[in-house]
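The values are calculated or read from the model by the stated rules, or taken from the named source; none is laboratory data. In this text, all values refer to a predicted model and were calculated from it rather than measured experimentally. Backbone-built Cβ (ideal geometry, glycine too); neighbour counts: all protein chains shown. With ligands, DNA and RNA removed, areas are computed over all heavy atoms of the protein, side chains included. Shrake-Rupley method; radii C 1.70, N 1.55, O 1.52, S 1.80 Å.
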Amino acid sequence: PSIVDDTHIVGPLNQVIPAFTSFTQHLRTIGLSVKSSKCCVWSPRGLPVDFSPPEGMSTPIGLRILGAPFGSSTYMSDFIRDALHEKSRHATLLAQIGDPQVAFWILCDCFTQRPSYITRTCPPTPILRMLLEGFDRSMMEVLERLIGPGSFADGEAYLPCREASLPTTFGGTGILSTVSTMTCAYLGAWALVAHSISSRFIVSDRPILL
């Protein structure tokens, strides 16, 4: 499959390399070329010890495809941790806005929504839950800076934080809890694309979702 100029060749290793060679040859016929330095070979089971990638290609432990990580648990957790840390760091700047109400709505409508792509594309594993719990805590810390210190005292923070994450119609602030929504987000994303994927790629009688 290809998205704009990003192409992924998927299959057994002994078929992928010949397919890549054929692909590059066809590109030359229309005046295009492939930069080997931007290409890589990856396998979820690991590459054979004696495998030698085409010249210039890398063999990473994971891939970033359309902004989503695919790879080992270490690669996935490091990728997500770095992404969430960057989003949390930017949110701390909201306290510098002179109007707390404006800062609050930016927090609700922008920053708490930013991990939604991660929750839609990454399986809801225990590692993801742990990382999202840290992100949710950081959002509550930003909220506390906006409404006043001591709002979520350390010893009694659990219940106020849960109440704050409720919709405004239920007496909450509307601060999204990514931990509470991560499983639904992932299943919802699959529900939207499962039929399209199964009709295009699945050729066996096995269901795409077990």
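Summary of computed values
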item	result
Index of the failed condition, V102 passing every other in (1) open to solvent by 100 Å² or more (accessible area, probe 1.4 Å); (2) within 30 Å of G174 (Cα to Cα); (3) among the β-branched types (V, I, T)	(1)
From the options T21, T112, T92, residue that is out of contact with any His (no Cβ under 7 Å at 6 or more places or on another chain) and over 30 Å from L143 (Cβ atoms)	T21
Every residue from the range 141-177 that is modelled with pLDDT of 70 or more and among the aromatic types (F, W, Y)	F170
Selection within the range 107-133 - surrounded by 15 or more Cβ atoms within 10 Å (Cβ to Cβ), in contact with a helix residue (DSSP H, G or I) (Cβ under 8 Å, 6 or more places away or on another chain) and in a helix (DSSP H, G or I)	L107, F111, T112, S116, I118, T119, R120, T121, I127, L128, L131, L132
Single residue of S22, S37, S88, S33 found to be hydroxyl-bearing (S, T, Y) and in a loop (DSSP other than H, G, I, E, B)	S33
Residues satisfying the stated conditions in the range 68-85, i.e. among the hydroxyl-bearing types (S, T, Y) and in contact (Cβ under 8 Å) with a residue 24 or more places away in the chain	S73, S77
Subset of the range 37-79 [more than 26 Å from the chain's Cα centre (by Cα) and either surrounded by 14 or more Cβ atoms within 10 Å (Cβ to Cβ) or not charged (D, E, K, R) (or both)]	P48, V49, F51, S52, P53, P54, G56
